[in-house]
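Okay, so here's the structure we're looking at.
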Amino acid sequence: MNILIFAVYVMLAACLAAFLLLLGKKWGIVERMQVHGNRFFSAMAHCDFCLSWWLGVLIAVLLALLAAEWRMLLLPFFTTPLARRLL
C-alpha cells in the first residue's frame with residue numbers, strides 16, 4: 001500500500017468517525033453515556049477527542065480485518081485530530 005492510498009483511508013475514516021459521532025449525539029447516545037455510564041464512560045463521553053479516538057480504533061480494526069492489512073491499525077493516530085476538527 002502506498003502513501004496516497006493510506007491518506008485516502010485516513011480521510012475516509014476521519015469523515016466516518018465524525019459522522020458517527022455526530023449521529024450518536026443527535027440520537028442521544030452520547031448524552032445517555034454521559035448520564036447513565038460509569039465514571040470512565042461518563043468522562044469519555046464528555047471528551048470529543050476520546051470519542052474520536054475510540055471510533056477511530058473501531059474503524060481501524062474493522063478495516064484491518066476486512067483489508068487484511070495491519071497498517072490500518074495506525075489510522076487512529078491520524079484520524080483523531082481530523083475527526084475532532086470536523087466536529
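The values are calculated or read from the model by the stated rules, or taken from the named source; none is laboratory data. As the structure is a computational prediction, the values presented were derived from the model and not from experiment. So basically every Cβ, Gly included, is an ideal-geometry build from the backbone, and we count neighbours across all protein chains shown. Ligands, DNA and RNA are stripped out before the accessible areas are found, and what is left, the full protein with its side chains, is counted by its heavy atoms. Shrake-Rupley method; radii C 1.70, N 1.55, O 1.52, S 1.80 Å.
Of the chymotrypsin sites (Phe, Trp or Tyr not before Pro) found in the stretch 13-45, the ones in coil according to DSSP and having at most 14 other Cβ atoms within 10 Å of their Cβ are W27.
In whole angstrom, the stretch 1-57 maps to an equivalent ellipsoid with semi-axes of 27, 12, 6, each derived as √(5λ) from the alpha carbon gyration tensor and ordered largest first. Protein heavy-atom accessible surface, 1.4 Å probe, per residue over the chain: 69 Å².
Between L12 and W54, full extension at 0.36 nm per residue minus the direct alpha carbon distance yields a gain of 13.5 nm.
Multiply the residue gap between Q34 and A67 by 0.36 nm, knock off their C-alpha separation, and tell me the result in nm, one decimal place. The partial results should precede the final answer.
On the way: separation 33, 0.36 × 33 = 11.88 nm, distance 3.38 nm.
Here the segment from Q34 to A67 would lengthen by 8.5 nm.
Contact order normalised by length for the chain, with contacts defined as Cα pairs under 8 Å and 6 or more residues apart; what percent is it? Don't skip to the end; give the middle numbers.
Working: 83 pairs, mean separation 31.8, N = 87.
About 37 percent, as a whole number.
Absence of a disulfide-compatible partner, taken as no other cysteine beta carbon within less than 4.7 angstrom, is noted in the chain for C15.
When you count, for each residue, the other Cβ atoms within 10 Å and take the mean per peptide, how do 58-70, 4-16 rank with the highest first?
Numbers: 58-70: 14.0, 4-16: 15.8.
Highest mean packing first, the order is 4-16, 58-70.
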